[in-house]
Amino acid sequence: MSNPLTLKLEHGSKLTPGDRQRLDALIQTSCRIEAGQDLIRENDPPEHVRLILEGFVCRYKILEDGRRSIIAYLVPGDICDLHVAILRRMDHAMATLTPCTIVFMAPDVIADLTTNYPRIAHALWWSTLVDAAILREWLVSLGQRPADQRLAHLFCELLLRLQTVRIADENSYPLPLTQEALADTLGISTVHVNRVLQQMREDGLVVFRDHRLIIPDVEQLKEFAGFDSNYLHLDGM
Amino acid sequence: MSERVLTPGGVDARPAWSMCMRYYFDIDSGQRAIRDQIGSEFARPEDVRAAAIRVLPDIARDEWPDGDCPVMIVKVRDHKGSYVFQASLSLVATWLNAVTDDERR
(Lines give C-alpha, C1' and ligand atoms only; values in the text may rest on other atoms or scores of the structure.)
Protein backbone atom coordinates (compact mmCIF):
# COMPACT_ATOMS: atom_id res chain seq x y z
CA MET A 1 0.00 0.00 0.00
CA SER A 2 1.30 3.44 -0.83
CA ASN A 3 1.61 5.74 2.15
CA PRO A 4 -1.32 8.18 2.08
CA LEU A 5 0.51 10.64 4.34
CA THR A 6 3.39 10.83 1.87
CA LEU A 7 1.00 11.23 -1.08
CA LYS A 8 -0.64 14.13 0.70
CA LEU A 9 2.47 15.85 2.05
CA GLU A 10 4.10 15.80 -1.40
CA HIS A 11 1.69 18.65 -2.15
CA GLY A 12 3.06 20.68 0.73
CA SER A 13 6.81 20.25 0.33
CA LYS A 14 9.52 18.78 -1.86
CA LEU A 15 10.24 15.59 0.05
CA THR A 16 13.53 13.70 -0.24
CA PRO A 17 13.89 9.89 -0.29
CA GLY A 18 15.01 10.17 3.36
CA ASP A 19 11.82 12.05 4.25
CA ARG A 20 9.71 9.39 2.57
CA GLN A 21 11.53 6.66 4.44
CA ARG A 22 10.80 8.41 7.74
CA LEU A 23 7.12 8.75 6.81
CA ASP A 24 6.97 5.06 5.88
CA ALA A 25 8.42 4.14 9.27
CA LEU A 26 5.54 6.04 10.90
CA ILE A 27 2.86 3.81 9.49
CA GLN A 28 4.34 0.42 10.41
CA THR A 29 2.09 0.02 13.44
CA SER A 30 -1.59 0.81 13.08
CA CYS A 31 -4.92 -0.11 14.67
CA ARG A 32 -8.08 -1.34 13.02
CA ILE A 33 -11.17 0.35 14.48
CA GLU A 34 -14.82 -0.40 13.78
CA ALA A 35 -17.32 2.17 12.49
CA GLY A 36 -19.11 4.39 14.96
CA GLN A 37 -16.42 4.32 17.65
CA ASP A 38 -15.33 7.39 19.55
CA LEU A 39 -11.60 7.98 19.25
CA ILE A 40 -11.70 10.72 21.84
CA ARG A 41 -14.51 12.55 23.62
CA GLU A 42 -15.04 16.19 24.42
CA ASN A 43 -13.11 17.26 27.54
CA ASP A 44 -10.84 14.20 27.40
CA PRO A 45 -7.14 14.99 27.76
CA PRO A 46 -5.59 14.40 24.33
CA GLU A 47 -2.71 11.94 24.28
CA HIS A 48 -2.03 11.02 20.70
CA VAL A 49 -1.68 12.49 17.30
CA ARG A 50 -3.69 10.42 14.87
CA LEU A 51 -3.04 9.60 11.26
CA ILE A 52 -5.81 8.07 9.18
CA LEU A 53 -4.65 5.32 6.81
CA GLU A 54 -8.06 3.98 5.79
CA GLY A 55 -11.66 5.06 6.35
CA PHE A 56 -13.48 8.23 7.33
CA VAL A 57 -13.22 9.92 10.72
CA CYS A 58 -15.22 12.95 11.81
CA ARG A 59 -14.85 15.71 14.33
CA TYR A 60 -18.14 16.44 16.02
CA LYS A 61 -19.87 18.17 18.87
CA ILE A 62 -23.08 17.15 20.63
CA LEU A 63 -25.56 19.94 21.37
CA GLU A 64 -27.48 20.20 24.62
CA ASP A 65 -30.59 18.63 23.09
CA GLY A 66 -28.59 15.64 21.84
CA ARG A 67 -28.21 16.66 18.21
CA ARG A 68 -24.83 16.07 16.60
CA SER A 69 -22.93 18.56 14.49
CA ILE A 70 -20.12 17.16 12.33
CA ILE A 71 -17.51 19.84 11.79
CA ALA A 72 -14.81 18.03 9.81
CA TYR A 73 -14.03 14.84 7.93
CA LEU A 74 -10.63 13.22 8.15
CA VAL A 75 -9.78 10.96 5.23
CA PRO A 76 -6.72 8.80 4.55
CA GLY A 77 -3.52 10.83 4.75
CA ASP A 78 -5.07 13.31 7.18
CA ILE A 79 -3.21 13.83 10.39
CA CYS A 80 -4.95 15.56 13.21
CA ASP A 81 -4.05 17.77 16.09
CA LEU A 82 -0.30 17.93 15.57
CA HIS A 83 0.15 20.13 18.59
CA VAL A 84 -2.40 18.32 20.66
CA ALA A 85 -0.03 18.14 23.60
CA ILE A 86 -0.40 21.92 24.01
CA LEU A 87 -4.13 21.74 24.73
CA ARG A 88 -5.19 20.10 27.97
CA ARG A 89 -8.75 19.18 27.03
CA MET A 90 -10.51 18.35 23.78
CA ASP A 91 -13.13 20.98 22.85
CA HIS A 92 -14.84 18.46 20.54
CA ALA A 93 -14.98 14.71 19.96
CA MET A 94 -13.75 12.47 17.17
CA ALA A 95 -15.33 9.26 15.92
CA THR A 96 -14.95 6.78 13.10
CA LEU A 97 -17.71 7.01 10.49
CA THR A 98 -16.57 3.81 8.76
CA PRO A 99 -14.18 1.01 9.68
CA CYS A 100 -10.78 2.67 9.88
CA THR A 101 -7.07 1.99 10.07
CA ILE A 102 -5.39 4.57 12.26
CA VAL A 103 -1.85 5.24 13.46
CA PHE A 104 -1.56 6.64 16.98
CA MET A 105 1.59 8.66 17.52
CA ALA A 106 3.05 10.03 20.73
CA PRO A 107 3.75 13.79 20.71
CA ASP A 108 7.53 13.15 20.79
CA VAL A 109 7.28 11.49 17.37
CA ILE A 110 5.93 14.75 15.98
CA ALA A 111 8.66 16.65 17.83
CA ASP A 112 11.24 14.47 16.06
CA LEU A 113 9.64 15.12 12.65
CA THR A 114 9.42 18.87 13.11
CA THR A 115 12.93 19.19 14.61
CA ASN A 116 14.91 16.86 12.38
CA TYR A 117 13.02 16.86 9.09
CA PRO A 118 12.54 20.45 7.89
CA ARG A 119 10.70 19.55 4.68
CA ILE A 120 8.28 17.30 6.57
CA ALA A 121 7.84 20.11 9.12
CA HIS A 122 7.01 22.51 6.28
CA ALA A 123 4.49 20.07 4.81
CA LEU A 124 2.85 19.52 8.20
CA TRP A 125 2.42 23.29 8.56
CA TRP A 126 0.93 23.32 5.08
CA SER A 127 -1.54 20.58 6.04
CA THR A 128 -2.53 22.44 9.22
CA LEU A 129 -3.23 25.59 7.18
CA VAL A 130 -5.25 23.59 4.64
CA ASP A 131 -7.33 22.13 7.50
CA ALA A 132 -8.16 25.67 8.59
CA ALA A 133 -8.98 26.65 5.01
CA ILE A 134 -11.36 23.69 4.69
CA LEU A 135 -13.09 24.76 7.89
CA ARG A 136 -13.51 28.29 6.48
CA GLU A 137 -15.03 26.89 3.30
CA TRP A 138 -17.45 24.73 5.32
CA LEU A 139 -18.41 27.85 7.25
CA VAL A 140 -19.22 29.62 3.99
CA SER A 141 -21.30 26.62 2.89
CA LEU A 142 -23.25 26.41 6.14
CA GLY A 143 -23.86 30.12 6.28
CA GLN A 144 -24.63 30.97 2.69
CA ARG A 145 -25.05 28.04 0.31
CA PRO A 146 -28.44 26.39 -0.27
CA ALA A 147 -28.63 22.72 0.73
CA ASP A 148 -28.14 21.31 -2.77
CA GLN A 149 -25.03 23.41 -3.44
CA ARG A 150 -23.75 22.59 0.04
CA LEU A 151 -23.93 18.86 -0.71
CA ALA A 152 -22.50 19.28 -4.22
CA HIS A 153 -19.63 21.33 -2.81
CA LEU A 154 -18.83 18.60 -0.29
CA PHE A 155 -18.86 15.97 -3.05
CA CYS A 156 -16.42 18.08 -5.12
CA GLU A 157 -14.14 18.61 -2.14
CA LEU A 158 -14.05 14.90 -1.28
CA LEU A 159 -13.27 14.07 -4.92
CA LEU A 160 -10.12 16.20 -4.82
CA ARG A 161 -9.06 15.18 -1.33
CA LEU A 162 -9.49 11.49 -2.15
CA GLN A 163 -7.75 11.88 -5.52
CA THR A 164 -4.71 13.22 -3.66
CA VAL A 165 -4.37 9.89 -1.86
CA ARG A 166 -5.40 7.79 -4.90
CA ILE A 167 -8.69 6.61 -3.45
CA ALA A 168 -10.78 8.51 -5.98
CA ASP A 169 -10.28 8.06 -9.69
CA GLU A 170 -10.98 10.90 -12.11
CA ASN A 171 -14.70 11.05 -11.34
CA SER A 172 -15.71 8.58 -8.63
CA TYR A 173 -14.93 7.38 -5.13
CA PRO A 174 -16.30 5.11 -2.41
CA LEU A 175 -18.75 7.08 -0.28
CA PRO A 176 -19.59 4.99 2.77
CA LEU A 177 -21.45 7.74 4.65
CA THR A 178 -24.92 7.37 6.12
CA GLN A 179 -27.76 9.81 5.51
CA GLU A 180 -27.47 10.78 9.17
CA ALA A 181 -23.78 11.63 8.84
CA LEU A 182 -24.43 13.76 5.75
CA ALA A 183 -27.34 15.49 7.48
CA ASP A 184 -25.28 16.27 10.58
CA THR A 185 -22.49 17.58 8.35
CA LEU A 186 -24.68 19.85 6.24
CA GLY A 187 -26.85 21.03 9.12
CA ILE A 188 -30.06 19.74 7.54
CA SER A 189 -32.45 16.88 8.33
CA THR A 190 -32.14 13.39 6.83
CA VAL A 191 -35.43 13.99 5.01
CA HIS A 192 -33.91 17.07 3.41
CA VAL A 193 -30.69 15.20 2.54
CA ASN A 194 -32.79 12.58 0.76
CA ARG A 195 -34.63 15.17 -1.27
CA VAL A 196 -31.45 16.93 -2.31
CA LEU A 197 -29.70 13.65 -3.17
CA GLN A 198 -32.59 12.48 -5.31
CA GLN A 199 -32.86 15.87 -6.98
CA MET A 200 -29.16 15.73 -7.92
CA ARG A 201 -29.59 12.16 -9.09
CA GLU A 202 -32.58 13.10 -11.28
CA ASP A 203 -30.53 15.92 -12.79
CA GLY A 204 -27.71 13.52 -13.60
CA LEU A 205 -25.21 15.40 -11.41
CA VAL A 206 -24.41 12.29 -9.39
CA VAL A 207 -24.90 8.55 -9.69
CA PHE A 208 -24.65 6.02 -6.85
CA ARG A 209 -23.48 2.53 -7.75
CA ASP A 210 -21.97 -0.19 -5.53
CA HIS A 211 -21.39 2.25 -2.65
CA ARG A 212 -19.53 4.57 -5.01
CA LEU A 213 -20.37 8.14 -5.84
CA ILE A 214 -19.92 8.70 -9.56
CA ILE A 215 -19.83 12.22 -10.95
CA PRO A 216 -20.63 11.94 -14.67
CA ASP A 217 -19.52 15.51 -15.43
CA VAL A 218 -17.11 16.89 -12.85
CA GLU A 219 -17.01 20.39 -14.37
CA GLN A 220 -20.80 20.55 -14.34
CA LEU A 221 -20.97 19.60 -10.65
CA LYS A 222 -18.25 22.14 -9.78
CA GLU A 223 -20.17 24.83 -11.58
CA PHE A 224 -23.41 23.84 -9.85
CA ALA A 225 -21.68 23.95 -6.45
CA GLY A 226 -19.74 27.15 -7.10
CA PHE A 227 -16.66 25.10 -6.28
CA ASP A 228 -13.20 26.67 -6.52
CA SER A 229 -10.46 24.29 -5.36
CA ASN A 230 -8.07 27.11 -4.37
CA TYR A 231 -8.66 26.53 -0.64
CA LEU A 232 -7.23 22.99 -0.85
CA HIS A 233 -3.86 24.45 -1.95
CA LEU A 234 -3.00 21.38 -4.01
CA ASP A 235 -0.97 23.27 -6.62
CA GLY A 236 1.88 24.29 -4.33
CA MET A 237 4.56 21.80 -5.37
CA MET B 1 -25.13 6.20 15.61
CA SER B 2 -26.57 4.46 12.59
CA GLU B 3 -24.58 1.92 10.64
CA ARG B 4 -26.58 2.15 7.46
CA VAL B 5 -24.87 3.15 4.30
CA LEU B 6 -26.14 4.99 1.26
CA THR B 7 -26.64 2.73 -1.72
CA PRO B 8 -28.10 3.27 -5.19
CA GLY B 9 -31.66 2.40 -4.38
CA GLY B 10 -31.64 3.52 -0.80
CA VAL B 11 -29.85 2.28 2.26
CA ASP B 12 -28.79 -1.11 3.52
CA ALA B 13 -31.24 -3.12 5.55
CA ARG B 14 -31.65 -1.79 9.07
CA PRO B 15 -30.13 -3.70 11.96
CA ALA B 16 -32.32 -6.50 13.28
CA TRP B 17 -32.69 -4.90 16.70
CA SER B 18 -34.11 -1.71 15.28
CA MET B 19 -37.73 -0.91 16.13
CA CYS B 20 -37.72 1.92 13.60
CA MET B 21 -40.06 2.06 10.64
CA ARG B 22 -39.13 3.50 7.28
CA TYR B 23 -41.14 6.40 5.90
CA TYR B 24 -40.97 8.12 2.53
CA PHE B 25 -41.41 11.86 2.16
CA ASP B 26 -42.80 12.99 -1.20
CA ILE B 27 -42.26 16.72 -1.36
CA ASP B 28 -43.68 19.14 -3.91
CA SER B 29 -42.01 22.50 -3.43
CA GLY B 30 -44.21 24.15 -6.03
CA GLN B 31 -41.12 24.35 -8.23
CA ARG B 32 -40.29 20.71 -8.14
CA ALA B 33 -41.92 17.48 -7.00
CA ILE B 34 -39.68 14.62 -5.92
CA ARG B 35 -40.88 11.18 -4.94
CA ASP B 36 -38.75 9.81 -2.11
CA GLN B 37 -37.20 6.45 -2.96
CA ILE B 38 -34.69 6.40 -0.12
CA GLY B 39 -36.82 6.98 2.96
CA SER B 40 -35.87 7.72 6.55
CA GLU B 41 -36.41 5.75 9.71
CA PHE B 42 -38.36 6.87 12.74
CA ALA B 43 -39.23 5.19 16.00
CA ARG B 44 -42.38 7.16 16.86
CA PRO B 45 -45.24 8.65 14.81
CA GLU B 46 -44.67 12.05 16.43
CA ASP B 47 -41.12 12.03 15.07
CA VAL B 48 -42.48 11.45 11.56
CA ARG B 49 -44.83 14.40 12.00
CA ALA B 50 -42.05 16.62 13.35
CA ALA B 51 -39.71 15.69 10.48
CA ALA B 52 -42.38 16.36 7.85
CA ILE B 53 -43.16 19.75 9.34
CA ARG B 54 -39.53 20.73 9.79
CA VAL B 55 -38.52 19.96 6.23
CA LEU B 56 -41.01 22.45 4.76
CA PRO B 57 -39.43 25.67 6.08
CA ASP B 58 -35.97 24.16 5.47
CA ILE B 59 -36.75 23.71 1.78
CA ALA B 60 -38.64 27.00 1.62
CA ARG B 61 -35.44 28.77 2.61
CA ASP B 62 -33.73 27.53 -0.56
CA GLU B 63 -36.47 27.24 -3.16
CA TRP B 64 -39.52 29.38 -2.72
CA PRO B 65 -41.90 29.13 -5.65
CA ASP B 66 -43.09 32.07 -7.69
CA GLY B 67 -46.56 33.51 -7.41
CA ASP B 68 -48.62 35.22 -4.76
CA CYS B 69 -50.02 32.12 -3.09
CA PRO B 70 -47.49 29.32 -3.48
CA VAL B 71 -47.97 26.14 -1.50
CA MET B 72 -45.38 23.54 -0.53
CA ILE B 73 -46.66 20.06 0.30
CA VAL B 74 -45.12 17.01 1.92
CA LYS B 75 -46.94 13.66 1.89
CA VAL B 76 -45.53 10.80 3.94
CA ARG B 77 -45.85 7.15 2.90
CA ASP B 78 -45.23 4.22 5.22
CA HIS B 79 -43.29 1.09 4.20
CA LYS B 80 -46.48 -0.46 2.79
CA GLY B 81 -47.02 2.49 0.48
CA SER B 82 -50.00 4.05 2.27
CA TYR B 83 -50.01 7.77 2.80
CA VAL B 84 -50.12 8.41 6.54
CA PHE B 85 -49.43 12.12 6.98
CA GLN B 86 -49.54 15.33 5.03
CA ALA B 87 -48.46 18.89 5.77
CA SER B 88 -48.38 22.02 3.70
CA LEU B 89 -46.80 25.42 3.97
CA SER B 90 -48.26 28.38 2.13
CA LEU B 91 -47.35 31.98 1.60
CA VAL B 92 -49.83 34.74 1.01
CA ALA B 93 -48.28 37.81 -0.57
CA THR B 94 -50.17 40.83 -1.81
CA TRP B 95 -49.64 44.52 -2.54
CA LEU B 96 -51.72 46.84 -0.41
CA ASN B 97 -52.33 49.56 -3.02
CA ALA B 98 -54.36 49.40 -6.21
CA VAL B 99 -51.52 49.41 -8.75
CA THR B 100 -51.51 46.20 -10.80
CA ASP B 101 -48.43 44.05 -11.23
CA ASP B 102 -48.37 44.96 -14.95
CA GLU B 103 -48.20 48.67 -14.18
CA ARG B 104 -45.47 48.06 -11.63
CA ARG B 105 -43.31 46.45 -14.30
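Points to keep in mind about this one:
- Residue B:30 meets the conditions (1) modelled with pLDDT of 90 or more; (2) at positive phi in every case but one. The failed one is (1).
- The single condition among (1) over 26 Å from residue B:60 (Cβ atoms); (2) open to solvent by 40 Å² or more (accessible area, probe 1.4 Å); (3) in contact (Cβ under 8 Å) with a residue 24 or more places away in the chain that residue A:184 does not satisfy is (1).
- Residue in the stretch A:61-69 that is under 24 Å from residue A:137 (Cβ atoms), outside the structural domain of residue A:139 (by TED's automatic domain parsing) and surrounded by 20 or more Cβ atoms within 10 Å (Cβ to Cβ) present: no
- Within this structure, residue A:144 fails the test of being polar (S, T, N, Q), in contact (Cβ under 8 Å) with a residue 24 or more places away in the chain and within 13 Å of another protein chain (Cβ to nearest Cβ).
- Remark: pairs (first residue in the stretch A:17-28, of a type in the set (D, E, K, R); second residue open to solvent by 50 Å² or more (accessible area, probe 1.4 Å); Cβ separation under 9 Å; 6+ apart in sequence or on different chains) = A:19/A:117; A:19/A:119; A:20/A:10; A:22/A:116; A:22/A:117.
- Verdict on residue A:210 being more than 26 Å from residue B:39 (Cβ to Cβ) and without any contact (Cβ under 8 Å) to a residue 60 or more places away in the chain: no
- Residue in the stretch A:148-156 that is open to solvent by 30 Å² or more (accessible area, probe 1.4 Å), in contact (Cβ under 8 Å) with a residue 40 or more places away in the chain and under 15 Å from the mean Cα position of the chain (by Cα) present: no
- Any chance residue A:201 is surrounded by fewer than 18 Cβ atoms within 10 Å (Cβ to Cβ) and either touching a residue at least 12 places away in the same chain (Cβ under 8 Å) or within 13 Å of chain B (Cβ to nearest Cβ) (or both): yes
- Any chance residue A:110 is in a helix (DSSP H, G or I), open to solvent by less than 40 Å² (accessible area, probe 1.4 Å) and not assigned by TED's automatic domain parsing to the domain that holds residue A:193: yes
- Residue A:143 of a type outside the set (Val, Ile, Thr), surrounded by fewer than 19 Cβ atoms within 10 Å (Cβ to Cβ) and not assigned by TED's automatic domain parsing to the domain that holds residue A:44: yes
- Residue list for the stretch B:50-74, restricted to those being away from chain A (no Cβ under 12 Å) and either at pLDDT 95 or above or surrounded by 13 or more Cβ atoms within 10 Å (Cβ to Cβ) (or both): B:65, B:70, B:71, B:73
- Qualifying residue in the stretch A:38-46 (condition: closer than 19 Å to residue A:82 by Cα, among the hydrophobic types (A, V, I, L, M, F, W, C) and under 17 Å from the mean Cα position of the chain (by Cα)): yes
- All positions within the stretch A:81-94 that are touching an Asp or Glu at 6+ places or on another chain (Cβ under 8 Å), open to solvent by less than 50 Å² (accessible area, probe 1.4 Å) and either more than 28 Å from residue A:25 (Cβ to Cβ) or not aliphatic (A, V, I, L, M) (or both): A:92, A:93
- Residue A:187 farther than 21 Å from residue B:32 by Cβ, more than 9 Å from chain B (Cβ to nearest Cβ) and not polar (S, T, N, Q): yes
The values are calculated or read from the model by the stated rules, or taken from the named source; none is laboratory data. Everything numeric here is computed off the predicted structure, so don't read it as measured data. We place every Cβ from the backbone using ideal geometry, glycine too, and count neighbours over all the protein chains shown. Calculation scope for accessible area: heavy atoms of the full protein, side chains included, ligands and nucleic acids excluded. Shrake-Rupley method; radii C 1.70, N 1.55, O 1.52, S 1.80 Å.
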